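The values are calculated or read from the model by the stated rules, or taken from the named source; none is laboratory data. Just so you know, these numbers come straight off a predicted model, no measurement behind them. Note: ideal-geometry Cβ built from the backbone for every residue, glycine included; neighbour counts use all protein chains shown. These accessible areas exclude ligands, DNA and RNA; they are computed on the full protein's heavy atoms, side chains included. Shrake-Rupley method; radii C 1.70, N 1.55, O 1.52, S 1.80 Å.
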Amino acid sequence: MADIHNLLEQNDKKLRKPEWIRVKAPVSREYQATRDVIHKLKLNTVCEEAACPNIGECWAKAHATVMIMGDTCTRACAFCNVKTGVPGALNPHEPENLAQAVAELKLSHVVITSVDRDDLDDGGAAHFAACIEAIRRRSPATTIEILTPDFLRKDNVVGGIVKARPDVYNHNIETVPRLYKTIRPGARYFNSLHLLKTVKELDPAMFTKSGLMVGLGEEKDEVLQVMDDLRAADVDFITIGQYLQPTPAHAPVARYVTPDEFDLYAKQARAKGFLMVASSPLTRSSYHAGEDFERMRAARQQSLS
């Protein structure tokens, strides 16, 4: 019995998260106030649906990443905790509800993402544009960052979103191309690169952003190649964070990347010419998004002066 107990204890230690990625449970009054507004207006957030580890910190500051077009995704990526299935119809009131939430929370910067909606002719591009336009009408001073799907096989739909003029267009590359078949089987690496490149071609002044997870089994050289590919697409901002397994049914964590390694990735990304880099174990696409946007805007102004 003692041997079995020791083996279980060793396994627990082997799988235990390192101290540098542990976070406190959300308990603040500010967190609850943000949660109340989100739920009152029947909005979904990636913070909750994807079980983001930073939800306590972000919601305490009234920072939430709203997930439009429902809570059900048409794809089944091996890293994502959002449920998969047949989505319902789009909510025609969602753009105005979102705009109301932005106004009530007095957001200076908002991040809007979505599930994949391969069932829609335009993948939901027009709905993204409607949400941007509704916020602009009600909160014209709020800066808007969008994190869109890849719109795979949805030709010429991204132009409508760019025309609505979000301040930041984000689309995550997620992982290195070698791992796409197992981690992101419904997507195509070069399609994602093409999307980001197209946004820049349509509006060279628009900030573009992309992110990837590490700890899935990628090699360092593969991560550096992704950086080069994103710079070739003229992406301004890269985020790099530790993959965390949402449930035992999802892809396992191959390893926990150390803070020193994240710092090295950050230095290499800056050397490759990114205007803004966020690289740490807890970095996520929308983590500190407002502050990072201001720093990125300042970096561009400095580079042009």
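Could you tell me whether Asp155 is out of contact with any His (no Cβ under 7 Å at 6 or more places or on another chain) and charged (D, E, K, R)?
yes
I'm trying to understand the selection: among the residues of the stretch 161-178, which are more than 21 Å from Asp229 (Cα to Cα), open to solvent by less than 40 Å² (accessible area, probe 1.4 Å) and not in a loop (DSSP other than H, G, I, E, B)?
Ile161, Val162
Mind checking whether some residue in the stretch 201-223 is under 15 Å from Thr148 (Cβ atoms) and among the charged types (D, E, K, R)?
Yes, because at least one residue in the stretch 201-223 is under 15 Å from Thr148 (Cβ atoms) and among the charged types (D, E, K, R).
Table: residues versus (1) touching a residue at least 60 places away in the same chain (Cβ under 8 Å); (2) part of a loop (DSSP other than H, G, I, E, B); (3) within 18 Å of the chain's Cα centre (by Cα).
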residue: Ala99; (1), (2), (3): no, no, no
residue: Gly123; (1), (2), (3): no, yes, yes
residue: Ala134; (1), (2), (3): no, no, no
residue: Ile144; (1), (2), (3): no, no, yes
residue: Leu152; (1), (2), (3): no, yes, yes
residue: Asp155; (1), (2), (3): no, yes, no
residue: Tyr180; (1), (2), (3): no, no, yes
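Scan the stretch 92-107 and give yes if some residue there is touching an Asp or Glu at 6+ places or on another chain (Cβ under 8 Å) and surrounded by fewer than 17 Cβ atoms within 10 Å (Cβ to Cβ), otherwise no.
no
So if I check each of Ser210, Ser192, which one is open to solvent by less than 10 Å² (accessible area, probe 1.4 Å), in contact (Cβ under 8 Å) with a residue 40 or more places away in the chain and touching an Asp or Glu at 6+ places or on another chain (Cβ under 7 Å)?
Among Ser210, Ser192, only Ser192 is open to solvent by less than 10 Å² (accessible area, probe 1.4 Å), in contact (Cβ under 8 Å) with a residue 40 or more places away in the chain and touching an Asp or Glu at 6+ places or on another chain (Cβ under 7 Å).
For the stretch 272-302, give me each residue that is open to solvent by 30 Å² or more (accessible area, probe 1.4 Å), within 15 Å of Val235 (Cβ to Cβ) and of a type in the set (Gly, Ala, Ser).
Gly273
Against the condition modelled with pLDDT under 65 and surrounded by 17 or more Cβ atoms within 10 Å (Cβ to Cβ), how does Pro53 come out, does it pass?
yes
So which pairs qualify, if the first residue must be in the stretch 256-280 and touching a residue at least 40 places away in the same chain (Cβ under 8 Å) and under 19 Å from Phe207 (Cα atoms), the second must be hydrophobic (A, V, I, L, M, F, W, C) and open to solvent by 40 Å² or more (accessible area, probe 1.4 Å), the Cβ gap must be under 9 Å, and the two must be at least 6 apart or on different chains?
Ser279/Leu264
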